[in-house]
1. Which value in nm describes the separation of the simple spin-label points at residue 40 and residue 23, placed 7 Å from the Cα toward the beta carbon?
2. Answer with a single label: of (1) 1.52; (2) 0.94; (3) 1.03, which was calculated as Cα Rg over 2.2 N^0.38 Å from the structure in view?
3. Once label points are set 7 Å from the Cα along Cα→Cβ at both residue 146 and residue 182, what is their separation, rounded to one decimal in nm?
4. Per residue Cα convex hull volume for segment 1-87, in cubic angstrom?
5. Springs between alpha-carbon atoms under 10 Å, Gaussian network over the chain: tell me which of 188, 83, 177 tops the mean-square fluctuations.
6. Please find, in a Gaussian network model of the chain (springs between Cα atoms separated by less than 10 Å), the residue of 59, 85, 179 whose mean-square fluctuation is greatest.
7. At a Förster distance of 22 Å, what's the computed FRET efficiency of residue 16 paired with residue 107, Cβ-Cβ distance as r, to 0.05?
8. Can you give me the distance in nm between label points at residue 194 and residue 30, each placed 7 Å from the Cα along the Cα-to-Cβ direction?
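All of the numbers you see were taken from the coordinates with simple rules; none came from a lab. The shown structure was predicted, so the numbers you read here are calculated from the model rather than taken from an experiment. For neighbour counting, all protein chains shown are included, and Cβ atoms are generated from backbone atoms with ideal geometry for every residue, glycine included.
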């Protein structure tokens, strides 16, 4: 379990491609300080299991399902990544409840300055749009953010085709979102509570 508060900007050191998987070597001295084999670290919002940790680096295997649902497959040596360790029971929940289970990907379609911060518009897959609400929480590349706006594409489509988030200077400087250009693919995780509610209501409807 994570909170979406990025602890460290890490760097991809190596990528080993498999037939339906890949192995990442990631540099992150802070998050590896107490890491051990079998532990978890979120990389751009995807919860990965540590297979080896030493000298400020860790390795993790990325399975085909994660590669298909996230943007981890596009990472290359030198790529910067957002890193977060799992939350401890006694820690403050600074963001929101994040599982590290990426639901899908979006793309940055617009960035515009707004004083000291930036407003970033991100496309949302139609199957995820219904779980996103204005002033609710969303995780973008592992960063817990508040949805500041929702809308439709100019060409039409379902409500929620895009969402907007406002990035304060702290987020711009401490995460990859500060450098992500228009067109960049980002990992999205919607609020899990919405998915549970939908499931329960569907089950109740069948029973009725």
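1. According to this spin-label approximation, the distance is 2.3 nm.
2. (3)
3. For residue 146 paired with residue 182, the spin-label model returns 2.7 nm.
4. 84 Å³
5. Fluctuation is largest for 177.
6. Taking springs between Cα atoms under 10 Å, the residue moving most is 179.
7. The pair residue 16/residue 107 has a calculated efficiency of 0.25.
8. Roughly 2.8 nm, to one decimal.
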